[in-house]
Amino acid sequence: MTTLLSPEIDVIGELTERCDRCGAAAKLEVTLISGGELAFCGHHANRHHADIVRVASKIRIEDGFSWAGK
Ligand SMILES: [Zn+2]
């Protein structure tokens, strides 16, 4: 997958946030280019992966989560 803007991606052991959409345990956290942060469960991280890549400056993925946007 090729993108013009590639956010920095870190894999970390465990996320403590909750998904902003549904409240499930977050598998992915996003620091936005515009500032601010979002968290997504696995389901929503994969559903919105194209949008996440476009607006993210940094992404943190929980170890073992296979993300569609990577
Ligand atoms: Zn969710």
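Nearest 500 deg cm²/dmol is fine: what mean residue ellipticity at 222 nm does the chain get from its DSSP H runs of n ≥ 4 alone, each adding -39,500 (n - 2.57), divided by its residue count?
-4500 deg cm²/dmol
Taking only protein heavy atoms and a 1.4 Å probe, what accessible area per residue, in Å², does region 8-62 have with all protein chains in place?
Per residue, region 8-62 has 56 Å² of solvent-accessible surface.
If you place +1 on the Cβ of every Lys and Arg and -1 on the Cβ of every Asp and Glu, how big does the dipole about the Cα centre of the chain come out, in debye to the nearest 20?
Rounded to the nearest 20 debye, it is 260 debye.
Among DSSP beta bridges lying fully in the chain, give the percent that are antiparallel, nearest 5.
Looking only at bridges with both residues in the chain, the antiparallel portion is about 65 percent.
Find the centroid of the Cα atoms in region 52-70 and in region 24-46, then give the distance between the two in whole Å.
Each part reduced to its Cα centre gives a spacing of 8 Å.
Taking every pair of distinct Cα atoms and averaging 1/r, then inverting, what Kirkwood hydrodynamic radius in Å comes out for the chain?
Radius from the Kirkwood sum: 11.7 Å.
With a 1.4 Å probe and all protein chains left in place, how much of the accessible area of the chain comes from carbon and sulfur atoms, in whole percent?
Carbon-and-sulfur percentage of accessible area, whole number: 49.
The values are calculated or read from the model by the stated rules, or taken from the named source; none is laboratory data. Predicted model, so just to flag it, every value in this text is computed and none were measured. Counting neighbours? That spans all protein chains shown, and the Cβs are built from the backbone with ideal geometry, glycine included. In case anyone asks, the SASA skips ligands and DNA or RNA and just uses the protein heavy atoms, side chains included. Shrake-Rupley method; radii C 1.70, N 1.55, O 1.52, S 1.80 Å.
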